[in-house]
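Novice: Pasting a structure below so you can have a look.
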Amino acid sequence: MVIPIKNNIYNLNNEEESFLISRAKEGDTNAFEKLYRINVSRVYAVCLRISCDKRRAEELTQDVFVKAWENLNSFREESLFFTWLYKIAVNTSLLELRKRKRWLARFKNFSDLLNFDKKVSISVNTTIDLDNAVSYLPKKARLVFVLHDIEGYRHDEIAELLSVKSGTTKAQLHRARKLLREALEK
Amino acid sequence: MKCKEIKYYLSDYADGYLIDEMRDEIKNHLDVCTGCKGYYSDILTIISEAHSLPKEISPSRDLWEGISEKISGKKSPAKIFTIPSEKQYYYGSGGKTLFFKNPRKKRGGWYVIGSAVATVVLGIALGIYFFFQSTTAFWTVEKLAGTPVIGSEELTGYGMLNVGDWLETDSKSRARLKVGMIGEVDVQPESRLRLVETTPAEHRISLDHGKINATIWAPPRLFFVETPSATAIDLGCMYTLEVAEDGSGLLEVTSGWVALQLGNIESLIPSDAMCKTKKSYGPGTPYFKDAGSEFKAALDEFDFGNNKSSALTTVLKEARKEDALSLWHILSKVLDDEKEQTYNRLAELVEIPGGVTFEGIMNGNHDMMDILWESLGYGSRSLWNYL
């Protein structure tokens, strides 16, 4: 089976994916590179949305794949490979974010939101630069919004990831949407 | 519910988290209120746009080189697969043959029977748990740190707090209360509280002293915290309440609303605001956390000190537009000249809405006070009156 190396190989069937995983588990870096090419854009997207920093997102993406390589044998194929990889990406990004105290200061002040109208344009009838708007949300509200509304996580899953209660994640989601709505009104 | 409360719940409404009664009420409201309908439409647009954001974004450079360098210096994954004796899978691989294990191991009949029995037992246990949780007079308590004490017994993991029981924490202990099915209360060190009542219609604790962090996701006015100087009434929110040994308290609202009440005295505290309470005085005047220090000090003297008149002068002088929250409450606490001064200062800071007159406010017209309150943008006062 020959699978060409290029980014974003779509519609890889289960057999092909299993084959690549088994080869990678055997130590085949070429097979792992193919898995990287297939999944890198998805992993990078979530790292970018959580970190709000392109350079950091690139570093995080590399860290994710290195961790995946190191722990590949713990992947039992009971879920999709990407699902497993995605959890590593979210956890790695959150862990890194917690370490960076300076982010707290950066997103502590709501004043950024007051300038939404200069930075984002949201209207029912026009394109929403939502990614940009979300990046200006306070940290906790942003994380919950990204995980729930963009990535499709449930509240109980987010609560577990963030080590908070699901009531807290609901409150933060309400806050995020409200702030985005306020930006829409400007 | 009025528009402010409706908007508060529209996020949960959009996700389908609300109970049927609230859903129906909100749905009926949306049918007739174009403002809320527009708001809801915007929320749906945000959710929809969020769902449709690209799930894939390509990095601006190829990251594989860096990954390759890192993994090439590491030990490659150990080979753990063996060729299974049965149920093998076969794939051609560039002329080679590769065998590997079926990830889903076939289970025997006893395993299936055991799993079924375990599932039934678990279902019965959960049914009993939720039945009693909703109908019996206790809450579950989880130890978070140290050795919390219920009555005279130390809590080692999980326990029950019955109606009438006292829960105490020392300087190293913390515990988490499950408020029926409607929320959670974290009890901080050096606290003492009692479960007064728990029914589907009302959950009530008495906080003698200490600190709690409450998160309530049920409809408003189901959760009450009695303190020696006021009762905190949840209106759907997250908040922290601290009570000192002398019975004085400090409430800080993180999200939503809380009302503080003692007799006829009541204070409405929105998100990001605080309010002090004192024994024999009741709740003081709410203020925003970011208010000026001189304003806060003068407000404290006005509420609980002897020199109220000069304190009020300072409060009015130092008040910002945002402090209209405090000035509105003060209107109900002063008379004659002081009321006139307060109203005039408020009129300087915010626009007095139509339907509100100087004479009406001076005469304590409740409807005008409500209109004035709603014009301040802190939410509808009917949230309090209606419920």
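No value in this document is a laboratory result; all are computed from the given coordinates. It should be emphasised that the depicted structure is a prediction, and the values quoted were computed from it without experimental measurement. Methodologically, a virtual Cβ is constructed for each residue, glycine included, from the backbone with ideal geometry; neighbour enumeration extends over all protein chains shown.
Novice: Applying a 10 Å radius around every beta-carbon, put B:310-321, A:26-37, B:275-286 in order of their mean neighbour count, most first.
Specialist: Sorting B:310-321, A:26-37, B:275-286 by mean packing, highest first, produces B:275-286, A:26-37, B:310-321.
Novice: Here is a further query. Given B:279/B:333; B:211/B:289; B:7/B:289, which pairs have Cα atoms separated by over 22 Å?
Specialist: Check vs 22 Å cut-off fails for B:7/B:289.
Novice: Would you work out which of B:28, B:9, B:47 lies farthest towards the positive end of the dipole of region B:3-48? Charges go on Cβ: Lys and Arg +1, Asp and Glu -1.
Specialist: The residue sitting farthest along the positive end of the dipole is B:47.
Novice: With just the Cα atoms defining each centre, how far is region B:20-55 from region B:135-188? Give it in Å.
Specialist: 38
Novice: I would also like to ask the following. Enter the mean number of other protein chain beta carbons within 10 Å of the beta carbon of each residue in A:167-176, as an integer.
Specialist: Mean partner shielding for this stretch: 6.
Novice: Hey, which aspartates and glutamates would be in cross-link range of residue B:321, C-alpha to C-alpha under 18 Å, not counting anything within fewer than 8 residues on its own chain?
Specialist: Answer for residue B:321, where 18 Å is the Cα cut-off: B:272, B:290, B:294, B:340, B:348, B:351, B:374, listed by chain and number.
Novice: Ranked from highest to lowest mean number of other Cβ atoms within 10 Å per residue, what is the order of the peptides B:297-308, A:130-141?
Specialist: Packing proxy ranking, top to bottom: A:130-141, B:297-308.
Novice: Residues of A:44-56, mean number of Cβ from any other protein chain within 10 Å of their own Cβ, rounded to a whole number?
Specialist: 2
Novice: Here's something else I'd like to know. ³J(HN,Hα) across region A:64-70 via Karplus (A = 6.51, B = -1.76, C = 1.60, θ = phi - 60°), whole Hz, x for Gly/Pro?
Specialist: Along region A:64-70, the couplings run 4, 6, 5, 4, 4, 4, 5 Hz.
Novice: Next question. Report the local net charge at residue B:151: Lys and Arg +1, Asp and Glu -1, summed over other residues whose C-beta lies under 13 Å from its C-beta.
Specialist: -2
Novice: Another question, then. In the structure shown, do any of A:54/B:178; A:140/B:276; A:87/A:165 have a Cα-Cα gap over 30 Å, and if so which?
Specialist: Over 30 Å apart, Cα to Cα: A:54/B:178.
Novice: Which shape class applies to region B:3-48: rounded if a/c is under 1.5, otherwise prolate when a/b exceeds b/c and oblate if not, where a ≥ b ≥ c are the square roots of the Cα gyration tensor eigenvalues?
Specialist: It is oblate, given that a/c is not under 1.5 and a/b is not larger than b/c.
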